[in-house]
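Input: one structure, supplied below.
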Ligand SMILES: Cc1cc2nc3c(=O)[nH]c(=O)nc-3n(C[C@H](O)[C@H](O)[C@H](O)COP(=O)(O)OP(=O)(O)OC[C@H]3O[C@@H](n4cnc5c(N)ncnc54)[C@H](O)[C@@H]3O)c2cc1C
């Protein structure tokens, strides 16, 4: 069996490794248009945080490691057209037009930082840094810049704002919603971060939609929104990523947002063609409706699921909860499942509660603020958000598993946990403390 995979990043690599595990005699070929593979997209943030000393260290796998597993990697091989009836792929390799036949095809071409709504956003002076070469260029530009305008207050934009303001750069952050990180947090939960952003000197412009970015001859960048404009030395595009799927033929059905439609087995509408990662929509939680959730964990998990279904549909994808976690402006923040604000659009009747829980039993214990979102009738958990100045990030994975396995508030209260006074409280932070109000009144202990 010959398996051709287009795109050698998280989804494509995960699929290739899983196919190898399941089909020891399969011929596996990865076609990648860039000259390297396995770059971690927030490598530049790792560099700015001094967690790596060179962008070359921001790789999760090498070509050699893949080839040891008998996975052939064609780098600088840009796929130009697929023919799903003939089962062939045309690609450009070292300036030569090539064609390869497949038995099974996995499309893992991901996404790029693109905006069709902002005029001028495709200009190379508007920085994007998902790819290694883009990150090198963005690094050089930022080192020569004193001021920067960031468009979009999602995870990438807010992390960049934190890291660049710590380098004494003047940062303007423009967001069309009325608060930052709205996809993952309810407004009141993210207030401490937003307050800290302003204290750290970020010029935060909320409720503002960027319409155009202009690059002047002197290399200054003008970002236009409403009747206003901000000039700075550089601009970063931190808006949502989008796939580029011009190489598909007409037999692959797309969603209206131009992502590939797949079933729960990652099969497309064309026989023997699968699609994974950032180029598809996914089931969000229990919903049958699919949404676009471009995250690494989804890329890896869908890659693994596609590989398991190559011969016949066996393993269903269990859906995404859009679980994220990061550290910015002095806070560790994490989210999984739906937000309370979002529930207005999902038609679910939810309730929410917040509690501040001490993390250890020691006198100087820090706290975590947890927000639980649950179905008001069944009490089944639907979402959670955490914020703390201590590293509580791993706890979100516990809650995500609880949501994925449909636990109720009552189940979560009974969740088993360890107790050690140095590391935990009498009741685990993710156990929904039922006597919280009593404790807050000071009657605890
Ligand atoms: C700055 C930034 C930071 C991020 N940080 C995080 C994070 O911390 N956590 C997280 O969960 N998510 C993060 N994301 C999102 C994450 O990058 C994506 O979800 C993830 O990369 C998706 O993996 P993928 O394999 O589906 O696609 P991609 O990583 O987009 O890879 C697709 C690959 O296909 C190749 N390709 C595309 N078209 C062709 C073609 N025609 N021919 C051949 N090859 C092709 C591309 O060159 C690329 O290598 C971040 C995104 C950005 C922009």
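Can you tell me which residue within region 271-307, out of those that are more than 16 Å from the ligand (Cβ to nearest atom) and closer than 15 Å to residue 4 by Cα, is surrounded by the most Cβ atoms within 10 Å (Cβ to Cβ)? If you could, list the steps in order and put the result at the bottom.
At the first step, the residues of region 271-307 found to be more than 16 Å from the ligand (Cβ to nearest atom) are 271-272, 283, 285-289.
Next cut, closer than 15 Å to residue 4 by Cα only: 271-272.
Working: 271: 12, 272: 15.
Per the criteria, the residue is 272.
Give me a count of the residues in region 147-178 that are under 19 Å from residue 228 (Cβ atoms) and surrounded by fewer than 24 Cβ atoms within 10 Å (Cβ to Cβ). Before the answer, list the steps.
Residues of region 147-178 that are under 19 Å from residue 228 (Cβ atoms), as a first pass: 147-153, 157, 161, 170-178.
Keeping just the survivors that are surrounded by fewer than 24 Cβ atoms within 10 Å (Cβ to Cβ) gives 147, 157, 170, 172, 176-178.
Residues meeting the conditions: 7.
Okay, moving on. Please determine whether any residue of region 362-375 is in contact with a helix residue (DSSP H, G or I) (Cβ under 9 Å, 6 or more places away or on another chain) and part of a loop (DSSP other than H, G, I, E, B).
No - not one qualifying residue is present in region 362-375.
Take residue 160 and decide whether it is in the same structural domain as residue 214 (by TED's automatic domain parsing), under 24 Å from the mean Cα position of the chain (by Cα), in a loop (DSSP other than H, G, I, E, B) and touching a residue at least 24 places away in the same chain (Cβ under 8 Å).
Values: in the same structural domain as residue 214 (by TED's automatic domain parsing): yes; under 24 Å from the mean Cα position of the chain (by Cα): yes; in a loop (DSSP other than H, G, I, E, B): no; touching a residue at least 24 places away in the same chain (Cβ under 8 Å): yes.
Taking the combined requirement at face value, the residue does not satisfy it.
Looking at 344, 401 in this structure, which one is farther than 29 Å from residue 196 by Cβ, more than 16 Å from the ligand (Cβ to nearest atom) and assigned to a helix (DSSP H, G or I)? Give the derivation first.
Numbers: 344 fails: farther than 29 Å from residue 196 by Cβ.
Residue meeting the stated conditions: 401.
Cβ contacts < 9 Å: first residue assigned by TED's automatic domain parsing to the domain that holds residue 80, restricted to region 19-33; second residue away from the ligand (no atom under 16 Å from the Cβ) and part of a strand (DSSP E or B), any location; separation 6+ or different chain. Result?
As it stands, the answer is 19/104; 26/2; 26/104; 27/2; 28/2; 29/2, since those pairs meet every condition given.
Right, here's the next one. For region 196-247, what are the residues that are part of a loop (DSSP other than H, G, I, E, B), at pLDDT 95 or above and farther than 24 Å from residue 112 by Cα?
Hits for region 196-247 are 200, 201, 202, 206, 207.
Additional query: Among 44, 66, which is the only one that is in contact with a helix residue (DSSP H, G or I) (Cβ under 9 Å, 6 or more places away or on another chain), surrounded by fewer than 23 Cβ atoms within 10 Å (Cβ to Cβ) and part of a helix (DSSP H, G or I)?
66
Is it the case, given these coordinates, that residue 82 is buried (at least 16 other Cβ atoms within 10 Å of the Cβ) and more than 10 Å from the ligand (Cβ to nearest atom)?
Details: buried (at least 16 other Cβ atoms within 10 Å of the Cβ): yes; more than 10 Å from the ligand (Cβ to nearest atom): no.
Taking the combined requirement at face value, the residue does not satisfy it.
Give me a count of the residues in region 258-270 that are closer than 25 Å to residue 406 by Cβ and either within 11 Å of the ligand (Cβ to nearest atom) or buried (at least 21 other Cβ atoms within 10 Å of the Cβ) (or both). Quick ask: steps written out before the conclusion?
First, pick out the residues of region 258-270 that are closer than 25 Å to residue 406 by Cβ: 262-266.
Now narrow it down to the ones that are either within 11 Å of the ligand (Cβ to nearest atom) or buried (at least 21 other Cβ atoms within 10 Å of the Cβ) (or both): 262, 266.
Total satisfying the criteria: 2.
Out of 28, 52, 61, which single residue is part of a loop (DSSP other than H, G, I, E, B), surrounded by 14 or more Cβ atoms within 10 Å (Cβ to Cβ), over 17 Å from the mean Cα position of the chain (by Cα) and more than 12 Å from the ligand (Cβ to nearest atom)? Walk me through it before giving the result.
On the way: 28 fails: part of a loop (DSSP other than H, G, I, E, B); 61 fails: more than 12 Å from the ligand (Cβ to nearest atom).
When all the criteria are applied, what remains is 52.
The values are calculated or read from the model by the stated rules, or taken from the named source; none is laboratory data. What you see is a predicted model, and the numbers here were worked out from it, not measured in a lab. Note that we place each Cβ from the backbone using ideal geometry, even for glycine, and neighbour counts take in every protein chain shown.
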